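First up is the structure itself, then whatever we jot down about it.
The values are calculated or read from the model by the stated rules, or taken from the named source; none is laboratory data. Since the structure is predicted, the reported quantities are computational estimates derived from the model, not experimental observations. Neighbour counts are summed over all protein chains in view; Cβ atoms, including those assigned to glycine, are modelled from backbone coordinates with ideal geometry.
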């Protein structure tokens, strides 16, 4: 896409209300704009990155037989009364009343709705198991929204629900989700750790959290320095230097950002909502459930928090808004603009996503914007073009290469392969 | 995907509360499920079709330099006070109060939010024009929600906004949108007509509606039988048989479902919200705006309303949930299941989206479900497989062919090309 036609409102100064780097860069690089406390607009660059994250999630969940659907944000009070959560959920639940005085919640989670959607149909063991998921906007009236997309009041989540005739089936699907989540976070370029977790307000028996490792994380992970033990501090409140509970190594602490959560819900919701099936002996049983969440917008933020330097973001190639930034240094020079435009078209033709900075801006502005946005590969078209040469810079390593235009596409293909 | 793992809750009976065919089939074929009046869950088949519609919209809008972004549903009252719409919008605007007693609207449209998002940045004629769009869930507290997705209270819309330094630039972008919309609705397989329209609550100078032609439509189109004149009856309340205002033919009436709307807004929002830019003479001017909507979920419903028979839906190939339905008649016969599974894999390998009905159901149930869902091509694997033969049925024409398994893929490729 041509940058002159794109909405990328970059900022020179660090916004005073942004405390952590990922939040600062999201604002400075023109990725998000605040509409109200904890409520943001995702601007075009952010939307492109989110689109890549969502595609990765869809691919991995479709591979484990996930059915994508889309439930509404508006949830009738009656459904929340069935589980009793209307009264216990507290002030984090956003509530409203329609023109006929009917009460609704704005969904922070969808256990009630999905159980209602499937309960008539899943009436026999023959129709189980079933896995459904959605990527959707969620609402939670946080007391202290902060850190941009880390703790917002309106945010994008992938939530999934599974339904089973027996515990073994749930265990199997739960394990598949653990693997799918591992794939998803690896593909997004995230450094993370899976930890034992508390199941909180959702309820249920077993659960684990996926924690993106980051100093600014709000959660504390307790883990073994050399063993496999890892838990949320709410589950295992062990001091640093105690021996590890798995008998290997000693306990250490780290900070993490929760990006995923998997739960074995059991029959908490199916019992209260009368979601039952007939088993092989024609006996009524409550459906056994699992639920599985990923904070989609939070994943984007965590990746930025883990991948940046003083100049800006450093995108992993899998979820970068574009693969390549092509920059004609001076667009008033026809030679530079023409060559850059041809390179842009050539790179698009072989499948790359390319941003062409065709703006009439000073070179310094263009370069600092490019560093801020942090696309994996930058192609600079300057004076060297008279000799058929352009400069290529790899954002992740800082390496710079002078390359012949005639060899540009094959050179970039090779370099792109090597990138994280 | 394997049908045994999919959530497709088909119904035998016509639901008593569904008056029109598209609504009946959406319910009967397991595409949607009501959660509250005018509030629906889009089940997996509907989600797949919506995904195709959304992809077509993205392709056509990106081609006219549209920037996709995503604005929040929660909109602060303060923004709506700036334009005065908080008090004039009435009871269709869903409102809520957060834990700190701040008031919000749930967005039925986003003129206020987008004007706020861009007003700081678009401060110079050099940054204009700009076109942004989003595909997002909208909320409108309809007094009488009805006809399923036709008039709902929570629905999917594509809304777009454009910003200009002068009227000529707006005119140019408006014309581009008219062409993009024409492409989008044609690609979705919709029979439609563009008509002159009233600009309603949004305000503005010139506007046109895109009407899907359907007897059950809630809007009346007044058009010339042989000329080019066409308008919404609110704009030109002419009786049938009057001469047409364009001097060609006579007036007739038709019913339509509004699926798209394009507006020249002018400076209504930029003036009230102080969104100004410096022109070439360094003079402050209000930004000139356009806005452009498509009812995404309504497009899906309109396509079904136009394409069905007594047995169910008849999908155009561009937005069908899957391209091909492969049906082994009796999955207990290994020969049939194995052959069907191989056909399923072969067709997927060449790029088709395929649904394999591997359920242990009677043939009659499978065939009536297949007709109901209405995928473009059906492959039936029955006894003929012993002789290497399968049956192919084209849903749109009813044609049936007996084809050798060895020639199946090339035969289907050819037939698929010919389909609408």
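Just a few scattered comments:
- Per the conditions (1) in a loop (DSSP other than H, G, I, E, B); (2) farther than 24 Å from residue A:54 by Cβ, the sole criterion not satisfied by residue A:223 is (1).
- Scanning segment A:160-179 for residues that are touching a helix residue (DSSP H, G or I) at 6+ places or on another chain (Cβ under 7 Å) and surrounded by fewer than 24 Cβ atoms within 10 Å (Cβ to Cβ) yields one hit, A:165.
- Residues being over 15 Å from residue B:258 (Cβ atoms) and surrounded by fewer than 22 Cβ atoms within 10 Å (Cβ to Cβ) - total across segment B:142-159: 3
- Scanning segment A:89-125 for residues that are within 18 Å of residue A:142 (Cα to Cα), loosely packed, with under 14 Cβ neighbours inside 10 Å and touching a residue at least 40 places away in the same chain (Cβ under 8 Å) turns up just one, A:91.
- Residue match in segment A:259-274 (condition: assigned to a loop (DSSP other than H, G, I, E, B) and more than 30 Å from residue A:138 (Cα to Cα)): no
- Restricting A:163, A:177 to those that are assigned to a helix (DSSP H, G or I) and either more than 24 Å from residue A:38 (Cα to Cα) or modelled with pLDDT under 95 (or both) reduces the list to A:177.
- Residue A:303 passes every criterion in (1) touching a strand residue (DSSP E or B) at 6+ places or on another chain (Cβ under 7 Å); (2) surrounded by 22 or more Cβ atoms within 10 Å (Cβ to Cβ) apart from (1).
- Counted residues, segment B:222-260 - those being modelled with pLDDT under 95 and under 16 Å from residue B:302 (Cβ atoms): 0
- Verdict on residue B:119 being more than 10 Å from every other protein chain (Cβ to nearest Cβ) and within 19 Å of residue B:274 (Cα to Cα): yes
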